[in-house]
Structure formats: structure tokens, C-alpha cells
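The values are calculated or read from the model by the stated rules, or taken from the named source; none is laboratory data. Please read these numbers as outputs of a predicted model, since none were measured by experiment. Don't worry about glycine lacking a Cβ; one is built from the backbone with ideal geometry, like all the others, and counts go over all protein chains shown.
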Amino acid sequence: MPLNIVLIEPEIPNNTGNIGRLALATDSSLHLVKPFGFEIDDKRLKRAGLDYWQHIEVIYYNSIDEFFAKNKDAKMIFLSSHGTKSHWDINYTNNMFLVFGKESVGLPKHLIEQHKTQLFKIPMYSTHIRSLNLANAVSIIVYEGLRQLS
């Protein structure tokens, strides 16, 4: 798999379903870290993922601690509107983990503090917006990664 998409405590099933479709389209793995803001069998998740969900490589984790314990040696970058470096500066590698926070508050503060050197943001050019839709943000990051890796 070229990239690993990580969603920390996703809250909106439609976003997760759309990101699942993106993962399948880009041959990426989808890592979902609990707790979720929905049931994994939510019909909105399945509708957004259409009939593709069965083909997506999804890895589930019961907690943030379990995710980091199982992937402690992985190369990771973290995406947050609190980042100081642009996503254009990410040096993508195969199997890199792209870590995104939940829709309402983003990444937990302790992850932002612990991973400042690996923290990136997508530039936004209007002062009237504080963040992008999670599915859109993941798409931007994943396709830039594929562009660099191709």
C-alpha cells in the first residue's frame, strides 16, 4: 500500500465512508481509531462508501494508545490547522501514515505537542474559514502524496 490514512476518533459516518472510497481508489489502507461518533454499521457510512466498503483494507484500533503501540516504528505526519508548515513541504514516502483528527476539534492537543516537527497544515487563504471538511482534506493530502511518489 502506498499510504496509510489514519482517522483519530472520526465523528461523521459520511466523511468516513467517503474517505474509505478514497482509500480504495488510491490503494491506501484506512486506519480507524476508536471511539467513533457513530456505529460502524451505520447506513450513512455504508451509503457514502457505496458497495466498496467490503473491498477496503480497514484496520481498527480500540484507542490512540493501541494505534501508536502497533505502529511505533512507522513514519508519520500529522495534519492540523495548528500546523506551521505547509503540506507542500511534506516529503512523502511509501507506507507513510497520514494522521487526521476528528471533525469537531481536530487532533488531540497532546499529539500536536508531541509531534510538532511532523505537524503540517493545508493553507487556507480566507480568514472566514477555520478548517476544511475532513474528507476534502484527506483527499488533498493523499493525492499530493501519490503525485510525489509517482
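Return the pair list, or none, for Cβ contacts closer than 6 Å from residues in the range 134-148 that are closer than 11 Å to Ile5 by Cβ to residues that are hydroxyl-bearing (Ser, Thr, Tyr), at least 6 apart or on different chains. Cβ pairs passing all conditions: Val142/Thr26; Gly145/Tyr92. The number of residues in the range 85-144 being within 19 Å of Glu9 (Cβ to Cβ) and acidic (Asp, Glu) comes to 2. Would you check if Ala74 is within 20 Å of Gly145 (Cβ to Cβ) and of a type in the set (A, V, I, L, M, F, W, C)? Considered against the rule, which asks whether it is within 20 Å of Gly145 (Cβ to Cβ) and of a type in the set (A, V, I, L, M, F, W, C), Ala74 comes out as yes. Of Glu66, Glu57, all but one fail to be of a type in the set (D, E, K, R), closer than 16 Å to Val33 by Cα and at pLDDT below 95; the exception is Glu57.
Looking across the range 82-101 at every residue that is more than 14 Å from Leu132 (Cβ to Cβ) and touching an Asp or Glu at 6+ places or on another chain (Cβ under 9 Å), the one that is surrounded by the fewest Cβ atoms within 10 Å (Cβ to Cβ) is identified as Trp88.
Only residues that are at pLDDT below 95 and among the β-branched types (Val, Ile, Thr) were counted across the range 106-150, and they come to 2. Residues in the range 71-81 that are of a type outside the set (Ser, Thr, Tyr) and surrounded by fewer than 21 Cβ atoms within 10 Å (Cβ to Cβ) were compared, and the one that is nearest to Lys116 (Cα to Cα) is Met76. The residues listed here are Glu39, Glu11; of these, the one that is touching a strand residue (DSSP E or B) at 6+ places or on another chain (Cβ under 6 Å) and in a loop (DSSP other than H, G, I, E, B) is Glu11. Would you please name the residue that is nearest to Val6 (Cα to Cα), looking only at residues in the range 23-54 that are among the polar types (S, T, N, Q) and modelled with pLDDT of 95 or more? The extreme case among them is Ser29.
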